[in-house]
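Report on the following structure.
The values are calculated or read from the model by the stated rules, or taken from the named source; none is laboratory data. As the structure is a computational prediction, the values presented were derived from the model and not from experiment. In this analysis, Cβ positions are derived from the backbone assuming ideal geometry, glycine residues included, and neighbour counts consider all displayed protein chains.
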Amino acid sequence: MRAKVFSINNTFQYLLFIITIGFLTGCSKGNEPEDKSASFGIYLLEDQSITWEDLKTRNLDSLKLKDWITGDKIDFYDYSTHVIYLNVDYNTLFSVPHNDNTPFVVVANEKRCYYGRFSPPQDTTQPHVVIKPLYDCDDLLMLEFNPLNRKDIRFNDNIKSSLNELGKIKLGFNSEFPSVRFYEVPGTTDTILEIFVVLKNDDEEVLYAPHLYGIINAGGREYSSKLLVYNNISCFIMPVIPYYSSSLIYTLRTNRILRGQYAYCHLTLPKEEKWNYSVCDFPLSKIPPGEYNCIIEYYGMLGGSKETRYAPKGRMWTGYLRTNTISISYDGVKGIVVKNKYVSLN
């Protein structure tokens with residue numbers, strides 16, 4: 001009789017153990033995104049009282065998320081510019097309760113990669129990602145990172161691999177900034193910067209890109225590619241202005257294409273084709289001698305309807321990218337010395 005009691009007690013303890021494990025597992029799953037079938041998505045927090053600032057001291061993995069922009073709402077993601085091409089109207093997505101400080105979380109391969117917010121913080125020197133609609137359309141969102149002197153958290157292997165598995169990634173352009181030099185204009189006392197850039201198409205389709213000095217009109221504002229020279233004290237923003245001399249060399253044909261309000265000379269770049277060019281920039285008289293980092297922000301279209309964003313052979317490249325960071329030493333007499341072509345940012 002005792003043997004039977006012993007067996008029943010063991011059975012009861014075993015069942016209790018199974019139920020407890022099941023309960024704990026269920027609680028753990030409650031902290032994960034609701035849509036487990038999607039390997040990539042942007043999620044909101046279920047607790048709307050938590051702000052972006054709060055997340056600096058919170059364990060991101062402990063927070064319960066809810067669906068917002070899941071993979072099924074995305075046509076593709078341009079990994080060069082972090083522009084998301086939606087198959088739904090972004091106005092319906094932005095109708096959720098939110099304010100400037102509302103956080104979102106980017107999830108890929110069931111990992112919480114980083115978090116962002118709806119508008120820039122007051123202190124823009126803090127690393128932050130903002131989600132913003134692009135102009136004159138209802139299907140383009142851009143994840144924008146700042147400031148430029150910090151490591152860009154949007155580039156993430158989990159995000160890249162999950163989008164690739166979903167078949168929803170386009171690699172866009174790969175842009176390298178290998179060098180910049182001090183240039184004396186023959187026959188004048190002018191000294192300017194000459195920028196060298198290599199632009200490569202990593203996409204499977206033809207991309208149409210504006211010249212480096214092209215002006216993009218969007219949302220009533222003008223945007224243009226620029227050189228940024230900065231250190232811990234100052235930042236100099238120099239719009240790229242071509243200097244028409246024998247040093248200005250184009251290795252690919254150029255054409256003019258009209259797409260709505262976007263009309264500019266463009267470059268047609270098939271897959272894996274490179275464009276090597278040199279462009280002269282702005283005089284250096286306003287920059288004091290010193291040690292600086294340099295990058296180039298290169299702009300494409302910043303919105304427009306689907307009809308304006310496609311050309312006969314491919315798509316108009318949309319968004320903007322930053323090149324690698326180089327470090328230089330500048331002296332008004334000796335000129336520029338490139339110290340490091342690939343600065344690692346923290």
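Each residue in the stretch 45-62 was checked for being without any contact (Cβ under 8 Å) to a residue 60 or more places away in the chain, in a helix (DSSP H, G or I) and aliphatic (A, V, I, L, M), and 1 of them qualify.
Check the stretch 149-168 and report whether any residue there is over 30 Å from R112 (Cβ atoms) and among the acidic types (D, E). Taking every residue of the stretch 149-168 in turn, none turns out to be over 30 Å from R112 (Cβ atoms) and among the acidic types (D, E). Just to be sure, is V333 of a type in the set (V, I, T) and loosely packed, with under 13 Cβ neighbours inside 10 Å? Yes: the conditions hold for V333. Taking the criterion of being closer than 22 Å to S162 by Cβ, without any contact (Cβ under 8 Å) to a residue 60 or more places away in the chain, outside any loop (DSSP other than H, G, I, E, B) and out of contact with any Phe, Trp or Tyr (no Cβ under 6 Å at 6 or more places or on another chain), the residues of the stretch 70-95 that qualify are T70, D72, K73, L86, Y90, L93. Residues that are at pLDDT 95 or above, surrounded by fewer than 16 Cβ atoms within 10 Å (Cβ to Cβ) and among the hydroxyl-bearing types (S, T, Y) do not occur anywhere in the stretch 14-29. Number of residues in the stretch 155-188 that are more than 19 Å from R315 (Cβ to Cβ), hydroxyl-bearing (S, T, Y) and assigned to a strand (DSSP E or B): the value is 2. Pairs only if they're at least six apart or on different chains, beta carbon under 6 angstrom, first in the stretch 151-172 and touching a residue at least 12 places away in the same chain (Cβ under 8 Å) and closer than 22 Å to H128 by Cβ, second polar (S, T, N, Q) and surrounded by fewer than 18 Cβ atoms within 10 Å (Cβ to Cβ); list them, first residue then second. Qualifying pairs under 6 Å: K151/N346; N158/N109.
Yes or no, residue by residue, for (1) at pLDDT 85 or above; (2) closer than 18 Å to T323 by Cβ:
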{"position": "P186", "(1), (2)": "no, no"}
{"position": "T191", "(1), (2)": "no, no"}
{"position": "D202", "(1), (2)": "yes, yes"}
{"position": "V206", "(1), (2)": "no, no"}
{"position": "L212", "(1), (2)": "no, yes"}
{"position": "Y223", "(1), (2)": "yes, yes"}
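Quick check on the stretch 96-134: of everything there that is buried (at least 20 other Cβ atoms within 10 Å of the Cβ) and of a type in the set (G, A, S), which residue is nearest to K160 (Cα to Cα)? Per the criteria, the residue is A108.
H98 meets each of the listed conditions (1) more than 25 Å from D139 (Cα to Cα); (2) assigned to a loop (DSSP other than H, G, I, E, B) apart from (1).
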